[in-house]
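Report on the structure given below.
The values are calculated or read from the model by the stated rules, or taken from the named source; none is laboratory data. Remember, predicted model here, so these are calculated numbers, not experimental data. Please note: Cβ atoms are built from the backbone with ideal geometry, for glycine as well, and neighbour counts cover all protein chains shown.
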Amino acid sequence: MKRSRITVIVSATFLMFVANQSFGSQNIPPNPTPSIGPQVRLRLIVTDKSDHSIDEIRKEDIKVFEEHVEQTILSLDRDQRPIDFGIAIDCSGSFKQLTTPALSAVQTIIQRKRPADEVFIERFISSDKIERMQEFTAIESLLLTGLKKIKTEDGQSAVIDALYIAVDHTAKHDANDHRKAVILITDGDDRASFYKREDLIKLLRLTNIQVFVIGIVTLLDHNAGLQRPGQQERAEQLLRSVAEESGGRLFLPKNTEELSKATDEIVHDLAGQFVVSYQPTDSSRKTDFRNVEVKMVEAPGREKTHVITPRGYYAITPTSDSKSKDKKSP
């Protein structure tokens, strides 16, 4: 079946919208000498040794590095704004045995969302069968009705395409100062996507949409060949890359108990995270994408923790020409 394609043209208005919504900085004109740039704000999740996200840290507990240079932190706050998020559910044949527990997890997420949170639901099989079962809404009954319509079908699964479309749709959703995220539930076995992983990573950087992944990969073949990793390893590599790039989290549950814990963690993270702000010490760098790392300050007796943030941000947003791409509509 021929895939339909729509040329994406990102306007200057949308670029400004993305910059404001994604905690990135504004465009910075070239400057031959170091200068103080606009304030940068980054999402932040901190997990303990049990992989549970914690609710209390102080500004003094962390250090922020941009391009390996330590920055002066201006503030660290809890970010409990409402959140708009998409839920993309794998409905391909390879995921058929896992559909029932996956839908149960989604139902829990919907029922435990906050009243102001808005959600849309997407099911996907192949590249030409990516469908919205419910458009963005805060009404729980509509979301649960959309969930009941979901069924599995045979087809060449297109995980990257499905996530690309869900991220793009979430980024364009008009919401007033809401955080944005996508939850992906899949086995990660991408077989026939139009988009490449690099396309998806670039979109995640441009939109700064946070991705939470429940990867149920236990039924995939884990045997590696001589020249390439096994099916399960490839799936995990894909899912880990999108979660880490976006400052989200990957869960690989092996049973229903672990699936329940993963669901609880995602609900907790959706309800509130941290946001750290700083002013770059040098805004004259020519690189458009700036790598950022946040580390916990070592202290005697402090519990081992792990800091999760996006990989970085665009200091100079790419022009529309560099982002024009044939794009399918779900």
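As for segment 203-212, it holds at least one residue that is at pLDDT 95 or above, within 10 Å of the chain's Cα centre (by Cα) and closer than 18 Å to Ser157 by Cβ. Screening the candidates Asp168, Asp154 for the property of being acidic (Asp, Glu) and more than 14 Å from Phe85 (Cα to Cα) yields one hit, Asp154.
If you go through segment 39-62 and keep only what is touching a residue at least 12 places away in the same chain (Cβ under 8 Å) and exposed (fewer than 15 other Cβ atoms within 10 Å of the Cβ), you end up with Gln39, Asp48, Lys49, Asp51, His52, Ile54, Asp55, Arg58, Lys59, Glu60. Scanning segment 113-139 for residues that are surrounded by fewer than 16 Cβ atoms within 10 Å (Cβ to Cβ) and under 23 Å from His178 (Cβ atoms) yields a total of 7.
Looking at segment 166-199, which of its residues are of a type in the set (Val, Ile, Thr) and in contact with a Phe, Trp or Tyr (Cβ under 8 Å, 6 or more places away or on another chain)? Full working, then the answer.
Kept after step one, since they are of a type in the set (Val, Ile, Thr), are these residues of segment 166-199: 167, 170, 182-183, 185-186.
Once the filter is applied, which keeps residues that are of a type in the set (Val, Ile, Thr) and in contact with a Phe, Trp or Tyr (Cβ under 8 Å, 6 or more places away or on another chain), segment 166-199 yields Thr170, Val182, Ile183, Thr186.
Residue pairs whose Cβ atoms lie under 9 Å apart, sitting 6 or more positions apart in sequence or on different chains, and linking a residue in segment 291-312 that is at positive phi to a partner that is assigned to a loop (DSSP other than H, G, I, E, B) and of a type in the set (Ser, Thr, Tyr), do not occur here. Considering segment 268-330, the qualifying strands (runs of 3 or more DSSP E), each wholly inside and each with 3 or more residues that are surrounded by 16 or more Cβ atoms within 10 Å (Cβ to Cβ), at pLDDT 80 or above and not charged (D, E, K, R), run over 273-278, 289-296, 312-314.
Any residue at all in segment 30-42 that's at pLDDT 50 or above, touching a strand residue (DSSP E or B) at 6+ places or on another chain (Cβ under 8 Å) and among the aliphatic types (A, V, I, L, M)? Give the steps one after another, and end with the answer.
Step one: list which residues in segment 30-42 are at pLDDT 50 or above, which gives 36-42.
Now narrow it down to the ones that are touching a strand residue (DSSP E or B) at 6+ places or on another chain (Cβ under 8 Å): 39-42.
If we keep only those that are among the aliphatic types (A, V, I, L, M) as well, we get 40, 42.
Taking every residue of segment 30-42 in turn, at least one turns out to be at pLDDT 50 or above, touching a strand residue (DSSP E or B) at 6+ places or on another chain (Cβ under 8 Å) and among the aliphatic types (A, V, I, L, M).
In the list Asp177, Asp187, which residue meets the criterion of being on the phi < 0 side of the Ramachandran plot and of a type outside the set (A, V, I, L, M, F, W, C)?
Result: Asp187 is the single residue among Asp177, Asp187 that is on the phi < 0 side of the Ramachandran plot and of a type outside the set (A, V, I, L, M, F, W, C).
Across segment 244-261, the qualifying residues are those that are more than 30 Å from Val40 (Cβ to Cβ) and touching a strand residue (DSSP E or B) at 6+ places or on another chain (Cβ under 9 Å), and the one among them that is surrounded by the most Cβ atoms within 10 Å (Cβ to Cβ) is Leu259.
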